[in-house]
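Please read the structure below before turning to the comments.
The values are calculated or read from the model by the stated rules, or taken from the named source; none is laboratory data. Small disclaimer: the values here were computed from a predicted structure and weren't measured. Note that we place each Cβ from the backbone using ideal geometry, even for glycine, and neighbour counts take in every protein chain shown. These area figures cover heavy atoms from the full protein model, side chains too; ligands, DNA and RNA do not enter into them. Shrake-Rupley method; radii C 1.70, N 1.55, O 1.52, S 1.80 Å.
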Amino acid sequence: MFDLDYCSYPDCKKKVRTGSRLCEDHQSWQSVEHFSSLMTEKDLIGDIKAPGLTFKNLDLRNKRFIDCYFHHTQWINCHFDRSIFQMCFFDESVFMDTSFTKVNMKHCVFTDSVMTNIDWHGSDLISVNLNNIHAVNNNFSESDLYYSRFIAAYLKDVKMIDCNLKRVDFSASQRKGVNFKYSNTAEAYFDTEEIQ
Amino acid sequence: MKLFNHFTAVGFSNTYLIGPDKGGDAILVDPGTMDVSLLKLIEDHNYYIRHVLITHAHPNHFRGIKTILKIYDATIYSKVEELEGISCKVLEEGEITLSDQKIEIISVVGHSFDSLVYRCGHFFFTGDVLSAGRTGTTPDRYTRALLIDELENKLFTREGHGILLPGHGPPSTIKAEKNIFIHMNEEYEKQNQSEA
């Protein structure tokens, strides 16, 4: 039985065609080119809503993202290094070969996202929702993950070397090849053993 | 409408500030503490706190009201008549309009008898009844069943794009919480069956 998907635009209840995430009302003006140029040209990216789009090869270093809604997006080979994020939603998104090194992120949402080959090295990820993510080959080393949540996350070949894990919640997570060397795991919450 | 999140390490709680775009009368949700940075946030945006919404009568959600009332002539709204000697306007399920904002009041008991969820647009201020990946704590299995029933009937039936802003931890979405809740609840039931 097939699923009927609704338009990803907030509060729109129209159904979408196969292969599209937006209904015809919202597809026409919400182009990738429009949002790509908007984000690369401005330093402050505030209150933009761009659900359901695929972004490739973007240089978004040293930007400020505030109150942005990127639900159900795809980011391939994009670079957000040294950027600041506040209250941004990237839920149900796909990230590939993308870097978030030395970012400062607070109260952001990545729940249900798939993350492959992502570099978060040296970042402050404070109170970030990473629940139910599927992360393979991610590097969080030397990051502050204070009060973030990885509940029910699948983490494979993930580096968390020398991280602050105070109040980080790994409940019901599946972990394989996660390296916690030098991190304060005693201050994090675990209820499952690592998969061998 | 603008929305701001203020985190305080005292009680590890979130306070939310809702106000018009260009300053004026504003609403505070769950001021667990009133510190200099929250005051600065209010004043920098030219807000005057006219209304304070309390999700439930636990001190880490209302401890700041005494200080707020020394600065602003605000009305405190709660499900109880009094909070540490301060009288409140008692709320029941329904809808009210505060500073031109329509607020829906949803009673969700279980974590406490007086827990209220406030909906403003597509934002749900859930206090302690639901946070990212976690349902509220309950004293026993009976109240847990009650809380789950309330969440399933009153929150998980809502539009999935609804944004959940809890009293503690990062934000989330209704859809994400519904998905993770099904998984976590199955695990909880399995654990309880094996213990029995």
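Within region B:150-162, is even one residue more than 11 Å from every other protein chain (Cβ to nearest Cβ), out of contact with any Asp or Glu (no Cβ under 7 Å at 6 or more places or on another chain), part of a helix (DSSP H, G or I) and over 30 Å from A:Cys7 (Cα atoms)? First the steps, then the outcome.
Of region B:150-162, the ones more than 11 Å from every other protein chain (Cβ to nearest Cβ) are B:150-158.
With the extra rule that they be out of contact with any Asp or Glu (no Cβ under 7 Å at 6 or more places or on another chain), the set shrinks to B:150-158.
Then keep just the ones that are part of a helix (DSSP H, G or I); that gives B:150-154.
Checking the rest, the ones that are also over 30 Å from A:Cys7 (Cα atoms) come to none.
No, region B:150-162 has no match at all.
In region A:125-150, which residues are open to solvent by less than 10 Å² (accessible area, probe 1.4 Å) and within 14 Å of chain B (Cβ to nearest Cβ)?
Matches in region A:125-150: A:Leu125, A:Ser127, A:Val128, A:Asn129, A:Leu130, A:Asn131, A:Ile133, A:Leu145, A:Ser148, A:Phe150.
Would you check if B:His168 is outside any strand (DSSP E or B) and modelled with pLDDT of 90 or more?
Yes, satisfied.
Filter region A:71-98 down to the residues that are farther than 21 Å from B:Tyr16 by Cβ and of a type in the set (D, E, K, R), then identify the one that is surrounded by the most Cβ atoms within 10 Å (Cβ to Cβ). Step through it out loud before you land on a result.
First, the residues of region A:71-98 that are farther than 21 Å from B:Tyr16 by Cβ: A:72-83, A:92-98.
When the remaining residues are screened for being of a type in the set (D, E, K, R), the result is A:81-82, A:92, A:97.
Numbers: A:Asp81: 18, A:Arg82: 15, A:Glu92: 24, A:Asp97: 16.
For region A:71-98, the residue satisfying everything is A:Glu92.
When you scan region A:99-115, how many residues do you find that are open to solvent by less than 40 Å² (accessible area, probe 1.4 Å) and at negative phi?
The total comes to 11.
Yes/no matrix, rows are residues, columns are (1) modelled with pLDDT under 95; (2) touching a helix residue (DSSP H, G or I) at 6+ places or on another chain (Cβ under 6 Å):
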position	(1), (2)
B:Thr67	no, no
B:Tyr72	no, no
B:Lys79	no, no
B:Glu82	yes, no
B:Cys88	no, no
B:Leu91	no, no
B:Ser99	yes, no
B:Ile103	no, no
B:Gly110	yes, yes
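Condition (residue is under 24 Å from B:His168 (Cβ atoms), over 12 Å from the mean Cα position of the chain (by Cα) and at pLDDT 95 or above) applied to region A:91-102: is it met by at least one residue?
No, region A:91-102 contains no residue that is under 24 Å from B:His168 (Cβ atoms), over 12 Å from the mean Cα position of the chain (by Cα) and at pLDDT 95 or above.
I want to confirm something. Restricting to region A:151-165 and keeping residues that are in contact with a Leu (Cβ under 8 Å, 6 or more places away or on another chain) and over 20 Å from B:Glu177 (Cβ atoms), which single residue is most open to solvent (accessible area, probe 1.4 Å)?
Among residues in region A:151-165 that are in contact with a Leu (Cβ under 8 Å, 6 or more places away or on another chain) and over 20 Å from B:Glu177 (Cβ atoms), the one most open to solvent (accessible area, probe 1.4 Å) is A:Asn164.
Go through A:Lys176, A:Lys181, A:Lys102, A:Lys166 for me and flag whichever is basic (Lys, Arg) and under 22 Å from A:Trp75 (Cα atoms). Lay out the reasoning, then the answer.
Working: A:Lys176 fails: under 22 Å from A:Trp75 (Cα atoms); A:Lys181 fails: under 22 Å from A:Trp75 (Cα atoms); A:Lys166 fails: under 22 Å from A:Trp75 (Cα atoms).
Among A:Lys176, A:Lys181, A:Lys102, A:Lys166, only A:Lys102 is basic (Lys, Arg) and under 22 Å from A:Trp75 (Cα atoms).
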